[in-house]
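Scroll down for the structure; my scribbles are underneath it.
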Amino acid sequence: MRLQGKTAIITGGARGLGESMAKLFADNGAKIITCDMGDPLYTYENVEFYKLDVTDSEACKKFSEYVIEKYKKIDILVNNAGITKDGMTRKMTDEMWNAVIAVNLNGVFNMTRTIGPHMEDTGGGSIINISSVVGEYGNIGQINYSATKAGVIGMAKTWAKEFARKGVQVRCNAIAPGYIMTDILKTVPQELLDKFAAATMLGRLGQPDEVARAALFLASDDASYITGSVLSVNGGMRL
Ligand SMILES: NC(=O)c1ccc[n+]([C@@H]2O[C@H](COP(=O)([O-])OP(=O)(O)OC[C@H]3O[C@@H](n4cnc5c(N)ncnc54)[C@H](O)[C@@H]3O)[C@@H](O)[C@H]2O)c1
């Protein structure tokens, strides 16, 4: 019960990594509010669902006001919602570029611009930005995605400084997962997935709970002296 008494927001929590984190955090004693554009395919004790498009800054503000009013103190924010729209740079349209920036970068800003200062005002918290191995090393055909995933690392480091500057214990870190078996990989051809698995030191792709357990660590007081860092959860992968 490493999150006993804590309240966590997890964006993009309807499925995939978000679902895995929501269940693990709840199993560890936290109250969870997941938000997503899509409906979750699960119900879980102590997990409340809120329909939200993180690209809508007004809606994010309203959502933040709602959770703060209801739960009084938000201890954990996981900026997890993310999408891909892959293509080579020469073929990437404005629509592909802007859609990925809107969710993966603007969405993280929209949520944290209210929840971060709330944590600062209430004396502490843990913010986790879900980045990617692609944000650390780049990847062919993912210029939009790699820009956003590198961006959320910069945001994590900036917020680690900004929200703690008055001496309060607000921590902000990033997790950079490798290739993890969720719906986001649906469009990736099997031969590429096999190549990615072979490029890891552990010789396999990851499972959602392997990222969730890393997030649990960073969210919990076990990581009380860790901030501004990037935790790579990729089986030892180099693209
Ligand atoms: N699975 C991987 O291999 C992998 C690797 C590295 C990083 N990531 C990152 O992990 C995060 C979770 O990905 P996943 O693998 O669980 O993918 P997923 O597609 O299974 O889940 C993403 C969730 O985000 C939600 N979402 C999308 N746009 C949204 C919006 N505008 N507002 C609210 N919710 C929105 C989707 O509805 C979905 O439920 C993403 O940020 C992704 O970039 C995943």
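Could you tell me whether residue 202 is within 15 Å of the ligand (Cβ to nearest atom) and modelled with pLDDT of 95 or more? Reasoning before the result, please.
Values: within 15 Å of the ligand (Cβ to nearest atom): yes; modelled with pLDDT of 95 or more: yes.
Against the criterion (within 15 Å of the ligand (Cβ to nearest atom) and modelled with pLDDT of 95 or more), residue 202 qualifies.
If I filter the range 43-53 down to residues being surrounded by 13 or more Cβ atoms within 10 Å (Cβ to Cβ) and in a loop (DSSP other than H, G, I, E, B), which single residue comes out as farthest from the ligand (Cβ to nearest atom)?
Out of the qualifying residues, it is 46.
Among 111, 119, which is assigned to a helix (DSSP H, G or I) and within 14 Å of the ligand (Cβ to nearest atom)?
Working: 119 fails: within 14 Å of the ligand (Cβ to nearest atom).
Criteria check complete, one pass: 111.
Could you please find all residues in the range 91-125 being over 19 Å from residue 160 (Cβ atoms), among the β-branched types (Val, Ile, Thr) and surrounded by fewer than 19 Cβ atoms within 10 Å (Cβ to Cβ)?
Hits for the range 91-125 are 93, 101.
Within the range 173-200, how many residues turn out to be within 21 Å of the chain's Cα centre (by Cα) and either within 17 Å of residue 129 (Cα to Cα) or not acidic (Asp, Glu) (or both)?
The total comes to 15.
Considering each residue of the range 54-64, count those that are in contact (Cβ under 8 Å) with a residue 24 or more places away in the chain and either of a type in the set (Gly, Ala, Ser) or more than 14 Å from the ligand (Cβ to nearest atom) (or both), and give that number. Explain how you work it out, then say what you get.
Quick first cut of the range 54-64, residues in contact (Cβ under 8 Å) with a residue 24 or more places away in the chain only: 54-57, 60-61, 63-64.
Within this subset, residues satisfying the condition of being either of a type in the set (Gly, Ala, Ser) or more than 14 Å from the ligand (Cβ to nearest atom) (or both) are 57, 61, 64.
Selection size over the range 54-64: 3.
Scan the range 7-36 and report the pairs whose first residue is at positive phi and whose second residue is surrounded by fewer than 24 Cβ atoms within 10 Å (Cβ to Cβ) and in a loop (DSSP other than H, G, I, E, B), with Cβ atoms within less than 8 Å and a gap of 6+ or a chain change.
16/182; 29/1; 29/2; 29/3; 29/4; 29/5; 29/6
Take the residues of the range 1-42 that are among the small types (Gly, Ala, Ser) and in a loop (DSSP other than H, G, I, E, B): which is nearest to residue 102 (Cα to Cα)? Steps first, answer last, please.
Narrowing the range 1-42 to residues among the small types (Gly, Ala, Ser): 5, 8, 12-14, 16, 18, 20, 22, 26, 29-30, 38.
Those still in the list that are in a loop (DSSP other than H, G, I, E, B) too: 5, 12-14, 29-30, 38.
Numbers: 5: 33, 12: 14, 13: 18, 14: 19, 29: 32, 30: 29, 38: 16 Å.
The extreme case among them is 12.
In the range 145-185, how many are under 19 Å from residue 100 (Cβ atoms) and either part of a helix (DSSP H, G or I) or among the β-branched types (Val, Ile, Thr) (or both)?
The number of residues fulfilling the criteria is 18.
The values are calculated or read from the model by the stated rules, or taken from the named source; none is laboratory data. Everything numeric in this text was worked out from a predicted model, so none of it was measured. Don't worry about glycine lacking a Cβ; one is built from the backbone with ideal geometry, like all the others, and counts go over all protein chains shown.
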